[in-house]
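Q: Dropping a structure here in structure tokens format, bear with me for questions.
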Amino acid sequence: MAKSIDVSDLNIYYGDFMAVEGVNMTIKAKSVTAFIGPSGCGKSTFLRSLNRMHEVIPGARVEGKVMVDGQSLYGANVDPVAVRRQIGMVFQRPNPFPTMSIYENVLAGNRLNAKKMKKNVADEIVERSLKGANLWNEVKDRLGRPGLGLSGGQQQRLCIARAIAVEPEVLLMDEPCSALDPISTSAVEDLIHELKSEYTIVIVTHNMQQAARVSDETGFFNLKAAGQPGHLVEFNSTQKMFANPDNPDTEAYISGRFG
Amino acid sequence: MSSTPLTAPPQESAPTQTGDRVFSGISRAAGLVILAALAGVFIFLSIEGIPGLFQDEGAYKGNGNFLGYVDTLLFGTVLSATIAVLVAVPLAFGIALVVSHYAPTWIAGPVASIIDLLAAVPSVVFGLWGINVFAPKMVPIYVWLEENLGFLPFFKAPVNPVGTTILTAGLVLAIMILPIITAISREVFNQTPVLHEEAALALGATRWEMIRLAVFPYARSGMVSAVMLGLGRALGETMAVAMVLSGAGGISFNLIGTSNPTSIAANIASQYKENTPATLHILIATGLVLFIVTFLVNFAARWIVARNERKLTR
């Protein structure tokens, strides 16, 4: 189910402004890949280009190739809606649908895919997804309550449950812990470790310790100068990145000399 | 947040406190003025209108009593407003969605301003246009409706030869209430948090599914407000209905016939000039009925929205 992603010579634009330039990388299946870098270096933009959420913003477009298991993501006859059904996304701030119950929130994606669902099938999906997101024990007695009644960390895990309910091939996470307290963060990080056995996970984080804790491979993005597009400086195994990076800029960033 | 530390020198904290007091005074006064105006209208209508319920039989123009007089008018009011809302609401929400979520900005902006301009057209102008242009143009359509859908109670012969029917009045009203419903719902659609829209899109929702999943639930309360304001205008609209509608008939569901019920507001406008003290009381009493109906409709809509929201937060 999990798939690998090959990116070659990817440029990302907002209108005429080039936000990210010349990215080449291979994201392995069933592993966690983390992107780190200073604010505004294009790591979130790059992440959003991996499930075509980028183009939701008017004027945004990409050049170059993104291949998911050998299939081009930006091919002429590829429907972005279909892409997003295969590549799920979790956002910076928890965003459960405010008018829906916990139960309905988990099923939101499945309801889009298949209009009619039997009650027992739906129950099964909800239980499996919430268990997968380590949330089942906390909410199993109040599935009918609104999703907004949960704490921030629980809401974020609800969003993860919603994303994995449709059994995507890849899960993208855009700073999933930046709005959470340390305990909730730790719960989400544990979850990422578990999800890795089934999904390809790509995570953007501001927190270098988090990248070191959860990821197998790490990409470091940086700006050449203010106003210049962001680019990928180094892409290596996490172990190597944090112990002995190839690029002096990476080392400077990781050791806290800037950023 | 707003509490000042006890050690703060009084001259520093004084200006903000004065500002707060002034602001709170102004807001409270504004709120009370609204209530006072509403109460004033109600009291005036009651004092002047209640005698209208007990006039001599002759004053009711052959309708026997007040109930017999007002029921036709109330029927005409509600029927024309219902037609207007049924036609205008889907159109208005559609335009608002196109402007807020579908059209590119270079076309959405001008379209939005043109719709807003429609709100600035005086109702007399709509009335003139309705009777001189719109009503005659509708006659062939009414004939067609009678020929093909004549089995329905709404489209019975004889067709009104000049088109001054309740359906024409309702359609003119629909055009008049379109801008206000469009403008308000466009604003609330635009306020939908991007976070919720992206949540839906990232799950693989198409644009329409995203609108159903994220935009409508968020905007529901505002959409009801928009419809209520439009309905309020349709119920109370005077000039356009008085000009377009040849209303002297009784209660009838035939929308294209020659004898149509008129509306309360239009009736007041046309009867006011030739009033006697007795008929004036009766006209004001019909105004009171209109006031109460509008009030009840608003309350009902608010109640439905509030009940839905309670269900969600339970």
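Q: Test of understanding: among B:Val297, B:Val289, B:Val293, B:Val305, which residue is surrounded by 15 or more Cβ atoms within 10 Å (Cβ to Cβ), within 14 Å of chain A (Cβ to nearest Cβ) and either in a helix (DSSP H, G or I) or among the aromatic types (Phe, Trp, Tyr) (or both)?
A: Numbers: B:Val297 fails: within 14 Å of chain A (Cβ to nearest Cβ); B:Val289 fails: within 14 Å of chain A (Cβ to nearest Cβ); B:Val293 fails: within 14 Å of chain A (Cβ to nearest Cβ).
None of the other options fit; the residue is B:Val305.
Q: Select from the range B:100-127 the residues that are within 13 Å of B:Leu178 (Cβ to Cβ) and part of a helix (DSSP H, G or I) and list them in ascending order.
A: Correct list: B:Val111, B:Ala112, B:Ile114, B:Ile115, B:Asp116, B:Leu117, B:Leu118, B:Phe126.
Q: Within the range A:143-165, how many residues turn out to be charged (D, E, K, R) and within 11 Å of another protein chain (Cβ to nearest Cβ)?
A: Of all residues in the range A:143-165, those charged (D, E, K, R) come to A:145, A:157, A:162.
So of that shortlist, the ones also within 11 Å of another protein chain (Cβ to nearest Cβ) come out as A:145, A:162.
Number satisfying all stated conditions: 2.
Q: Given the structure, is B:Glu187 within 30 Å of A:Met89 (Cα to Cα), away from chain A (no Cβ under 12 Å), charged (D, E, K, R) and in a helix (DSSP H, G or I)? Give the steps one after another, and end with the answer.
A: Working: within 30 Å of A:Met89 (Cα to Cα): yes; away from chain A (no Cβ under 12 Å): yes; charged (D, E, K, R): yes; in a helix (DSSP H, G or I): yes.
It is true that B:Glu187 is within 30 Å of A:Met89 (Cα to Cα), away from chain A (no Cβ under 12 Å), charged (D, E, K, R) and in a helix (DSSP H, G or I).
Q: Count, please, the residues in the range A:126-142 that happen to be within 14 Å of chain B (Cβ to nearest Cβ) and under 18 Å from A:Val188 (Cβ atoms).
A: At the first step, the residues of the range A:126-142 found to be within 14 Å of chain B (Cβ to nearest Cβ) are A:129, A:142.
Filter again for under 18 Å from A:Val188 (Cβ atoms), leaving A:129.
Looking only at that region, the number is 1.
Q: Look at the range A:210-225 and say how many of its residues are out of contact with any Gly (no Cβ under 9 Å at 6 or more places or on another chain) and either closer than 10 Å to A:Ile36 by Cβ or modelled with pLDDT under 90 (or both).
A: Let us first name the residues in the range A:210-225 that are out of contact with any Gly (no Cβ under 9 Å at 6 or more places or on another chain), namely A:210-218, A:225.
The next check asks that each one be either closer than 10 Å to A:Ile36 by Cβ or modelled with pLDDT under 90 (or both); those that pass are A:210-212, A:215, A:218, A:225.
Of the residues in that region, 6 qualify.
Q: Also: Any residue in the range A:166-177 that is farther than 17 Å from A:Val106 by Cα and more than 14 Å from chain B (Cβ to nearest Cβ)?
A: Checking the range A:166-177: at least one residue is farther than 17 Å from A:Val106 by Cα and more than 14 Å from chain B (Cβ to nearest Cβ).
Q: When the range A:1-47 is examined, which residues are found to be within 23 Å of A:Gln209 (Cα to Cα), touching a strand residue (DSSP E or B) at 6+ places or on another chain (Cβ under 9 Å) and among the polar types (S, T, N, Q)? Write out each step before concluding.
A: Of the residues in the range A:1-47, the ones within 23 Å of A:Gln209 (Cα to Cα) are A:25-47.
In the following step, the residues that additionally are touching a strand residue (DSSP E or B) at 6+ places or on another chain (Cβ under 9 Å) were identified as A:25-38, A:40-47.
A:Thr26, A:Ser31, A:Thr33, A:Ser44, A:Thr45 - these are the residues of the range A:1-47 that are within 23 Å of A:Gln209 (Cα to Cα), touching a strand residue (DSSP E or B) at 6+ places or on another chain (Cβ under 9 Å) and among the polar types (S, T, N, Q).
Q: A further question on this structure: Tell me yes or no: at least one residue of the range A:107-123 is more than 14 Å from chain B (Cβ to nearest Cβ), assigned to a helix (DSSP H, G or I), within 24 Å of A:Met173 (Cβ to Cβ) and in contact (Cβ under 8 Å) with a residue 40 or more places away in the chain. Before you say what the answer is, go through the steps one by one.
A: Residues of the range A:107-123 more than 14 Å from chain B (Cβ to nearest Cβ): A:116-123.
Within this subset, residues satisfying the condition of being assigned to a helix (DSSP H, G or I) are A:119-123.
Now restrict to residues that are within 24 Å of A:Met173 (Cβ to Cβ): none.
No, every residue in the range A:107-123 fails to be more than 14 Å from chain B (Cβ to nearest Cβ), assigned to a helix (DSSP H, G or I), within 24 Å of A:Met173 (Cβ to Cβ) and in contact (Cβ under 8 Å) with a residue 40 or more places away in the chain.
Q: In this structure, is B:Gly250 outside any helix (DSSP H, G or I), away from chain A (no Cβ under 14 Å), surrounded by fewer than 17 Cβ atoms within 10 Å (Cβ to Cβ) and among the small types (Gly, Ala, Ser)? Can you show your working first?
A: On the way: outside any helix (DSSP H, G or I): yes; away from chain A (no Cβ under 14 Å): yes; surrounded by fewer than 17 Cβ atoms within 10 Å (Cβ to Cβ): yes; among the small types (Gly, Ala, Ser): yes.
Yes.
Q: Given the conditions (1) more than 13 Å from every other protein chain (Cβ to nearest Cβ); (2) in contact (Cβ under 8 Å) with a residue 12 or more places away in the chain; (3) within 22 Å of A:Met173 (Cα to Cα), report the number of the one that A:Ser72 does not fulfil.
A: Going through (1) more than 13 Å from every other protein chain (Cβ to nearest Cβ); (2) in contact (Cβ under 8 Å) with a residue 12 or more places away in the chain; (3) within 22 Å of A:Met173 (Cα to Cα) one by one, A:Ser72 breaks only (2).
Rundown of residues vs (1) out of contact with any Leu (no Cβ under 6 Å at 6 or more places or on another chain); (2) surrounded by fewer than 20 Cβ atoms within 10 Å (Cβ to Cβ), yes/no style:
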residue: B:Ala169; (1), (2): no, no
residue: B:Pro179; (1), (2): no, no
residue: B:Thr182; (1), (2): yes, no
residue: B:Pro193; (1), (2): yes, yes
residue: B:Ala202; (1), (2): yes, no
residue: B:Thr206; (1), (2): yes, yes
residue: B:Met210; (1), (2): no, no
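Q: Turning to a different aspect of this structure: Restricting attention to the range A:80-100, report how many residues are touching a helix residue (DSSP H, G or I) at 6+ places or on another chain (Cβ under 7 Å) and surrounded by 19 or more Cβ atoms within 10 Å (Cβ to Cβ). Let's see the steps before the verdict.
A: Let us first name the residues in the range A:80-100 that are touching a helix residue (DSSP H, G or I) at 6+ places or on another chain (Cβ under 7 Å), namely A:80, A:84-85, A:88-91, A:93-100.
Cutting the leftovers down to surrounded by 19 or more Cβ atoms within 10 Å (Cβ to Cβ) gives us A:84-85, A:88-91, A:94-97, A:99-100.
So the count comes out to 12.
Q: Let me ask something else about it. Answer with yes or no whether A:Asp79 is more than 11 Å from chain B (Cβ to nearest Cβ), over 24 Å from A:Gln228 (Cβ atoms) and not aromatic (Phe, Trp, Tyr).
A: Details: more than 11 Å from chain B (Cβ to nearest Cβ): no; over 24 Å from A:Gln228 (Cβ atoms): yes; not aromatic (Phe, Trp, Tyr): yes.
No, not satisfied.
Q: Follow-up question, since we're still on this one. Quick check on my filter: what residues within the range B:212-247 are within 14 Å of chain A (Cβ to nearest Cβ) and either more than 16 Å from the chain's Cα centre (by Cα) or under 20 Å from B:Ile292 (Cα atoms) (or both)?
A: Residues satisfying the conditions are B:Arg212, B:Leu213, B:Ala214, B:Val215, B:Phe216, B:Pro217, B:Tyr218, B:Ala219, B:Arg220.
Q: Filter the range B:71-109 down to the residues that are among the hydrophobic types (A, V, I, L, M, F, W, C) and touching a Phe, Trp or Tyr at 6+ places or on another chain (Cβ under 9 Å), then identify the one that is farthest from the other protein chains (Cβ to nearest Cβ).
A: The initial filter retains those residues of the range B:71-109 that are among the hydrophobic types (A, V, I, L, M, F, W, C), namely B:73-75, B:78-79, B:81, B:83-89, B:91-93, B:95-99, B:103, B:106-108.
Those left that are additionally touching a Phe, Trp or Tyr at 6+ places or on another chain (Cβ under 9 Å): B:79, B:93, B:96-97, B:99, B:108.
Working: B:Leu79: 34, B:Phe93: 18, B:Ala96: 18, B:Leu97: 16, B:Val99: 14, B:Ala108: 11 Å.
Filtering first and then ranking leaves B:Leu79.
Q: Return the only residue of B:Leu255, B:Leu235 being over 30 Å from A:Leu143 (Cα atoms), crowded, with 17+ Cβ neighbours inside 10 Å and at pLDDT below 85. Please lay out each step first, then the result.
A: Details: B:Leu235 fails: at pLDDT below 85.
Exactly one residue qualifies, and that residue is B:Leu255.
Q: Right, something else. With respect to B:Pro90, is the statement that it is surrounded by 14 or more Cβ atoms within 10 Å (Cβ to Cβ) and farther than 19 Å from B:Val293 by Cβ true?
A: So B:Pro90 does not fit the description; no.
Q: Limited to the range A:55-69, what total is found for residues that are modelled with pLDDT of 90 or more and within 11 Å of chain B (Cβ to nearest Cβ)?
A: The total comes to 0.
Yes/no matrix, rows are residues, columns are (1) over 12 Å from the mean Cα position of the chain (by Cα); (2) farther than 22 Å from B:Glu274 by Cα; (3) modelled with pLDDT of 90 or more; (4) crowded, with 21+ Cβ neighbours inside 10 Å:
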| position | (1), (2), (3), (4) |
| --- | --- |
| B:Tyr60 | yes, no, no, no |
| B:Gly64 | yes, no, no, no |
| B:Leu67 | yes, no, no, no |
| B:Phe75 | yes, yes, yes, no |
| B:Thr82 | no, yes, yes, no |
| B:Val98 | yes, yes, yes, no |
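The values are calculated or read from the model by the stated rules, or taken from the named source; none is laboratory data. Bear in mind the structure is a predicted one, so any value in this text is a computation, not a measurement. With ideal geometry, Cβ positions are generated from the backbone for all residues, glycine too; neighbour counts draw on all protein chains shown.
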